[in-house]
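Have a look at this one.
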Amino acid sequence: MTGHLGKDHLSARMDNRFATALVIACVLSLISTIYMAASIGTDFWYEYHTPAPENFSDLNKNLQEELSTEADEKTYTDWLSRYNGTVGLWRWCITEPKATEPPDMITHCNSFPLSYQFMEKFVEPGNHNTETDFLRTYLWRCQFLLPFVSLGLMCFGALIGLCACACRSLYPTIATGVLHFLAGLCTLGSVCCYVAGIELLHQKLHLPENVKGEFGWSFCLACVSAPLQFMAAALFIWAARTNRKEYTLMKAYRVA
């Protein structure tokens, strides 16, 4: 009788430990998914801070003339640096000051066409007569595609996790953990590609001395999402593998 009670107590203790690990992993996965989705959907991966101009009327006139033309990489980068711009993965925004007291700020946003995401970048940004810069071209494509791949992998992993709950088995959570690990790699890759792409762009198009550029909170959300995905992956894989080993040991112990 005492032996059976000891076995049941050990089994319950193991079940509680695995359940705790899975709950923590699910919470981490949910938070990282929210962060990644917010990062993809917002326009603050990189921000430009420009001092206020002295003559607002001339600035607004020039801006309206420039916005009526088609923008290439050099053109919109110049706008971003002159008008307190922010840029995301698929959209960029500039802030137009109105000549009022105090000056009102109006934000203009433009989306990158899907075809633009896969266009070639040139050695001299904006000059189509120069050679193709393959490094910047593929960095841009990766920084755009990898976040969506990461989000898709996590959603697919969550679907497998739901199937595991329906089957009352921890074995499928190994696949969930692997998918979260791959999602973390994709997120980390997109962050690295974005940093490298921005640095290479600013080496070719130097910012004015009075303009400050920095990574924004959308970029920070992606940076935070990657370690959360790795931690969730580690917990999923640990729970599945350890449960399998200890379940085998428990069966052997009960037989004995």
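The values are calculated or read from the model by the stated rules, or taken from the named source; none is laboratory data. What you are looking at is a predicted structure, and each value in this text was computed from that prediction instead of being measured. Glycine also receives a Cβ, built like all others from the backbone with ideal geometry; neighbour counts cover every protein chain displayed. Keep in mind that these areas ignore ligands, DNA and RNA; they rest on the heavy atoms of the full protein, side chains included. Shrake-Rupley method; radii C 1.70, N 1.55, O 1.52, S 1.80 Å.
Looking at (1) crowded, with 17+ Cβ neighbours inside 10 Å; (2) of a type in the set (A, V, I, L, M, F, W, C); (3) touching a Ser or Thr at 6+ places or on another chain (Cβ under 7 Å); (4) at pLDDT 85 or above, which is the only condition Leu205 fails?
Against the list (1) crowded, with 17+ Cβ neighbours inside 10 Å; (2) of a type in the set (A, V, I, L, M, F, W, C); (3) touching a Ser or Thr at 6+ places or on another chain (Cβ under 7 Å); (4) at pLDDT 85 or above, Leu205 comes up short only on (1).
Right, another one. For residues that are open to solvent by 40 Å² or more (accessible area, probe 1.4 Å) and among the aromatic types (Phe, Trp, Tyr), scanning just region 164-202, find the one that is nearest to the chain's Cα centre (by Cα).
Of everything passing the filter in region 164-202, Phe181 is nearest to the chain's Cα centre (by Cα).
Given the structure, is Leu201 in a loop (DSSP other than H, G, I, E, B) and in contact (Cβ under 8 Å) with a residue 12 or more places away in the chain? Before you say what the answer is, go through the steps one by one.
Values: in a loop (DSSP other than H, G, I, E, B): no; in contact (Cβ under 8 Å) with a residue 12 or more places away in the chain: yes.
For Leu201, the condition - in a loop (DSSP other than H, G, I, E, B) and in contact (Cβ under 8 Å) with a residue 12 or more places away in the chain - is not met.
Could I ask something else about it? Answer yes or no as to whether Lys98 is among the basic types (Lys, Arg) and at pLDDT below 85.
Values: among the basic types (Lys, Arg): yes; at pLDDT below 85: yes.
Yes.
Name the single residue that is farthest from Arg241 (Cα to Cα) among those in region 131-181 being polar (S, T, N, Q) and out of contact with any Ser or Thr (no Cβ under 7 Å at 6 or more places or on another chain). Explain how you work it out, then say what you get.
As a first pass, look at region 131-181 and keep what is polar (S, T, N, Q): 132, 137, 143, 150, 169, 173, 176.
Imposing the further condition that a residue be out of contact with any Ser or Thr (no Cβ under 7 Å at 6 or more places or on another chain) reduces the set to 132, 137, 169, 173, 176.
On the way: Thr132: 48, Thr137: 41, Ser169: 12, Thr173: 9, Thr176: 12 Å.
Restricting to residues being polar (S, T, N, Q) and out of contact with any Ser or Thr (no Cβ under 7 Å at 6 or more places or on another chain), the top hit is Thr132.
Same structure, new question: Would you call Trp92 open to solvent by less than 30 Å² (accessible area, probe 1.4 Å), at pLDDT 85 or above and aromatic (Phe, Trp, Tyr)? First the steps, then the outcome.
Details: open to solvent by less than 30 Å² (accessible area, probe 1.4 Å): yes; at pLDDT 85 or above: yes; aromatic (Phe, Trp, Tyr): yes.
Criteria met by Trp92.
What's the number of the only condition in (1) modelled with pLDDT of 90 or more; (2) open to solvent by less than 30 Å² (accessible area, probe 1.4 Å) that Ala21 fails to meet?
With respect to (1) modelled with pLDDT of 90 or more; (2) open to solvent by less than 30 Å² (accessible area, probe 1.4 Å), Ala21 is out only on (1).
Select, from Leu114, Leu135, Leu145, Leu139, the only residue that is in contact (Cβ under 8 Å) with a residue 60 or more places away in the chain, within 23 Å of Trp45 (Cβ to Cβ) and surrounded by fewer than 18 Cβ atoms within 10 Å (Cβ to Cβ). Don't jump to the end; show me each part of the working.
Details: Leu114 fails: in contact (Cβ under 8 Å) with a residue 60 or more places away in the chain; Leu145 fails: in contact (Cβ under 8 Å) with a residue 60 or more places away in the chain; Leu139 fails: surrounded by fewer than 18 Cβ atoms within 10 Å (Cβ to Cβ).
The unique qualifying residue is Leu135.
Out of everything in region 41-82 that is hydroxyl-bearing (Ser, Thr, Tyr) and more than 30 Å from Val123 (Cβ to Cβ), what residue ends up being modelled with the highest pLDDT? Walk me through it before giving the result.
Filtering region 41-82 for residues hydroxyl-bearing (Ser, Thr, Tyr) gives 42, 46, 48, 50, 57, 68-69, 75-77, 81.
With more than 30 Å from Val123 (Cβ to Cβ) added as a condition, the list becomes 42, 57.
Numbers: Thr42: 92, Ser57: 52.
Ranking the candidates gives Thr42 first.
Also, quick follow-up: Report yes if some residue within region 227-250 is in a helix (DSSP H, G or I), of a type in the set (D, E, K, R), under 20 Å from the mean Cα position of the chain (by Cα) and at pLDDT below 95; otherwise report no.
Filtering region 227-250 for residues in a helix (DSSP H, G or I) gives 227-250.
Remaining after also requiring of a type in the set (D, E, K, R): 241, 244-246.
Checking the rest, the ones that are also under 20 Å from the mean Cα position of the chain (by Cα) come to none.
Within region 227-250 (the criterion being in a helix (DSSP H, G or I), of a type in the set (D, E, K, R), under 20 Å from the mean Cα position of the chain (by Cα) and at pLDDT below 95), the answer is no, since none of the residues qualifies.
Let me ask something additional. Residue under question is Ala38, and the condition is that it be within 20 Å of Phe144 (Cα to Cα) and at pLDDT below 70; does it hold? Step through it out loud before you land on a result.
Working: within 20 Å of Phe144 (Cα to Cα): yes; at pLDDT below 70: no.
No, not satisfied.
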